[in-house]
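Read the structure below first, then the notes.
Please treat every number below as a calculation from the coordinates, not as lab data. These figures come from a predicted structure and were not determined experimentally. Cβ sites come from the backbone with ideal geometry, for glycine too, and all protein chains shown count toward neighbours.
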Amino acid sequence: MADDRKGLGVTPQGEDFSAWYNELVLKAELADRAPIKGAMVIRPYGYRIWELLQSELDRRFKDTGHVNAYFPLLIPMSYLQREAEHVEGFAPELAVVTHAGGEELEEPLVVRPTSETVIGEMYSRWISSWRDLPVLINQWANVVRWELRPRLFLRTTEFLWQEGHTAHADEADAMAETLRMLGVYAEVARDVAAIPVVPGEKTPGERFAGAIATFTIEGMMRDGRALQSGTSHYMGTNFAKAFDITYQDADSTLQHCHTTSWGMSTRMIGAVIMAHGDDKGLVLPPRLAPYQVVIVPIGRDAEVALAAERLAADVKAVGVRVHVDGRDATPGFKFNDWELKGVPLRIELGPRDLAAGTAVVVARVGSEGKQTVELAGLAAALPARLDDYHDTLLARARGFLDARRDRVDTWEAFAARVTDGWADALHCGRPDCEDDIKAETGATPRCIPTSGDAETGTCIRCDAPSAWGRRVVFAKAY
Ligand SMILES: [Zn+2]
């Protein structure tokens with residue numbers, strides 16, 4: 001694989017999905033492996049996707065009343081130990097600083113795996129009255145979780161994310177916040193990444209360490225596996241008790257705050273790659289595409305080059321991200337390269353087109369093929385065309401999900417469905433039964449969908465009475 005990195009081809013998905021993914025991340029120049037095992041270098045093309053995702057998320061966080069702040073990278077080890085489940089959950093993944101300034105430290109410092117603890121400590125200092133609530137803060141940061149089986153974007157030792165941390169007077173307000181942010185994630189997945197996700201609650205075995213309830217959005221990748229793409233947690237008063245986050249209520253009684261946290265990370269780029277990509281390479285949703293349109297001038301004609309630049313200026317003026325590919329390479333090479341990189345629309349412009357006052361437009365995905373379009377009015381029509389393209393990708397992904405997600409009522413149907421899709425099944429809720437299903441099929445409970453119909457019966461695996469009052473989505477997952 002490494003020897004073929006100069007070529008543009010990738011292993012077909014149907015042959016080896018995992019090889020397809022690994023080769024594509026490298027060849028599309030999204031990311032590269034870092035000198036430290038498990039770490040990742042995000043290359044400019046991949047980083048631009050992250051910046052676009054960031055700005056879409058950040059705008060929505062601010063629209064829902066949140067503000068950004070920054071907390072330290074290094075956290076005293078004793079902070080993590082204050083919440084028992086939290087430290088137990090994160091202990092195997094921690095990177096710890098024991099020496100600094102040429103000396104052994106009195107207390108080891110943890111490189112943050114997440115920031116509930118240090119933020120909890122600060123909230124205990126900042127909050128004293130019901131008038132201080134709610135506190136709605138988000139942080140954009142890197143975190144470190146030592147990773148033994150790394151995969152670029154999906155599981156890396158260091159990754160980028162945002163972590164929202166909020167404090168509220170009571171459970172109702174904190175739970176409303178938890179679900180509001182789950183809704184923001186589902187909206188960003190659908191309206192920005194063109195991924196139809198299933199929002200739901202995790203079963204206890206998949207909960208965040210220290211949370212009372214964990215909610216997730218799950219997307220289907222093109223091998224039928226699920227990818228957890230964003231999570232939102234209700235912590236109850238667990239962290240408030242560990243960090244003494246209290247307030248005086250209107251009757252001057254001391255109360256513990258109810259807290260939440262929620263995060264989406266660079267893992268979402270992995271979701272975009274695997275939810276839309278095909279054998280030719282990436283298929284980027286327009287709202288996350290570094291270049292939404294690439295213009296390829298055909299031939300070495302100076303007039304064509306000039307016309308391409310003029311067209312690019314018009315395209316830019318309507319707010320579309322555009323690039324003119326003036327490289328000294330054949331058109332065929334350039335077409336393949338931009339297909340590999342998933343650019344939504346390609347415009348080909350040659351001397352004959354120019355003489356006729358037209359250009360050729362080709363969409364990365366869709367049934368239109370090559371379309372000859374009048375140059376006049378071409379730029380103005382692009383924003384709507386890109387919106388249509390987003391809708392096409394979303395509909396395609398939804399069709400794929402619907403075709404591979406079934407309600408199943410027998411163990412045989414369950415086992416068959418989860419080989420390359422999702423099964424909605426009744427489950428008893430017992431952790432050992434979940435383990436048994438995982439051992440037999442590789443599938444795990446992804447979530448109890450927030451919008452499922454009420455239903456009870458017997459467990460798909462062990463015939464015990466079902467729990468949760470509705471069906472659970474099971475799938476193999478990343
Ligand atoms: Zn069971």
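Diagonalise the Cα gyration tensor of region 373-413 and give the resulting equivalent ellipsoid semi-axes, square root of 5 times each eigenvalue, largest first, whole Å. Intermediate results must be reported in sequence, preceding the final value.
Details: eigenvalues 337, 9, 3 Å².
Computed over region 373-413, the values are 41, 7, 4 Å.
Note on region 1-140: antiparallel DSSP beta bridges, both residues inside, total approximately 85 percent of the bridges counted. Restricting attention to the chain, close to 80% of DSSP beta bridges with both partner residues there are antiparallel. In whole Å, what is the distance between the alpha-carbon centres of region 38-94 and region 365-431? Taking the Cα centre of region 365-431 as reference, the centre of region 38-94 is 29 Å away. Using the Cβ-Cβ distance between Ala384 and Leu73 with R0 set to 41 Å, the FRET efficiency from 1/(1 + (r/R0)^6) comes to roughly 0.40.
Extension gain for the segment Glu85 to Asn336, taken as residue separation times 0.36 nm less the Cα-Cα distance, is 85.4 nm to one decimal. Divided by 2.2 N^0.38 Å, where N counts the residues, the Cα radius of gyration of region 52-206 comes to 1.15.
Rounding to the nearest 10 and keeping the result within 0 to 90°, find how far the Cα-based axis of helix 378-403 lies from the longest principal axis of the chain. The angle comes out at about 50 degrees. Entry for region 361-478 at q = 0.19 Å⁻¹: log10 I(q)/I(0) = -0.94, Debye formula applied to identical alpha-carbon scatterers, no solvent contribution.
Taking the charge dipole of the chain about its Cα centre, with +1 at Lys and Arg Cβ atoms and -1 at Asp and Glu Cβ atoms, the residue from Gln13, Gly263, Val143 reaching farthest to the positive side is Gln13.
For the chain, adding -39500 (n - 2.57) for each run of n ≥ 4 DSSP H residues and dividing by the number of residues yields -11000 deg cm²/dmol at 222 nm.
Give me the angle, in degrees from 0 to 90, between the Cα long axis of helix 171-191 and the longest principal axis of the Cα atoms of the chain, rounded to the nearest 10. So the inclination is approximately 20 degrees.
Value of Rg to Rh for the chain, rounded to two decimals, is 1.02; Kirkwood radius and Rg both from alpha-carbon coordinates. Estimated from the Cβ-Cβ distance and a Förster radius of 56 angstrom, the FRET efficiency linking Ala376 and Ala176 is about 0.65. Under 5 Å from the amide H of Ala31 lie the amide H atoms of Arg43, each residue being 5 or more positions distant or on a separate chain, with H modelled from the backbone and absent for Pro and chain starts. Taking region 393-413 and a reference point 7 angstrom along Cα→Cβ of Val318, no backbone N atom is nearer than 16 Å. Taken along its three principal axes, the alpha carbon spread of region 153-246 comes to 46, 28, 25 Å, from the longest extent down to the shortest. Per-residue 3J(HN,Hα) values for region 29-37, derived from phi via the Karplus relation 6.51 cos²θ - 1.76 cosθ + 1.60 with θ = phi - 60°, read 6, 7, 7, 9, 6, 8, x, 8, 4 Hz in sequence order (x marks Gly and Pro). Taking Cβ atoms as reference points and 12 Å as the exclusive limit, the residues near Glu158 contribute a net charge of +2, counting Lys and Arg as +1 and Asp and Glu as -1.
If you take all other residues with their beta carbon under 13 Å from the beta carbon of Lys202, and give Lys and Arg +1 and Asp and Glu -1, the sum is -2.
Taking every alpha-carbon pair under 8 Å whose residues sit at least 6 apart, the chain reaches a relative contact order of 13 percent. Projected over all directions and averaged, the alpha-carbon convex hull of region 59-98 occupies 4.4 nm².
Placing unit charges on each Cβ (+1 for Lys and Arg, -1 for Asp and Glu) gives the chain a dipole about its Cα centre, and among Ala423, Ser124, Phe239 the Cα reaching farthest toward its positive end belongs to Ala423. Close amide-amide hydrogen proximity is noted between Leu426 and Ile460, Val472, each under 5 Å apart and 5 or more residues distant or on a separate chain (H modeled in the peptide plane; Pro and chain starts excluded). For the peptides 43-50, 98-105, 377-384, residues were scored by their other Cβ atoms within 10 Å and the scores averaged per peptide; the highest-first order is 43-50, 377-384, 98-105. Taking a ≥ b ≥ c as the square roots of the eigenvalues of the alpha carbon gyration tensor, region 27-87 is oblate, as a/c is not under 1.5 and a/b does not beat b/c. Highest average first, the peptides 409-418, 228-237 ordered by how many other beta carbon atoms sit within 10 Å of their residues are 228-237, 409-418.
Relative to the longest principal axis of the Cα atoms of the chain, the long axis of helix 17-27 lies at roughly 70 degrees. Rounded to the nearest whole Hz, the Karplus-based 3J(HN,Hα) values (6.51 cos²θ - 1.76 cosθ + 1.60, θ = phi - 60°) of region 325-338 follow the sequence 8, x, 5, 7, 8, 6, x, x, 4, 5, 4, 4, 5, 6, with x at glycine and proline. Think of each Lys and Arg Cβ as +1 and each Asp and Glu Cβ as -1; about the Cα centre, that makes the dipole of the chain roughly 1180 debye.
Across region 426-438, coupling constants 3J(HN,Hα) worked out from phi with the 6.51/-1.76/1.60 Karplus curve, θ = phi - 60°, read 7, 9, 6, x, 7, x, 5, 6, 4, 4, 5, 4, 5 Hz, and Gly and Pro carry x. Taking amide H as placed 1.01 Å from N in the peptide plane, Val97 has its amide H under 5 Å from the amide H of Leu109, Val110, Val111, each at least 5 places away in sequence or on another chain. Number of Lys-Lys pairs in the chain with C-alpha atoms under 26 Å apart and a separation of 8 or more places or on different chains: 25.
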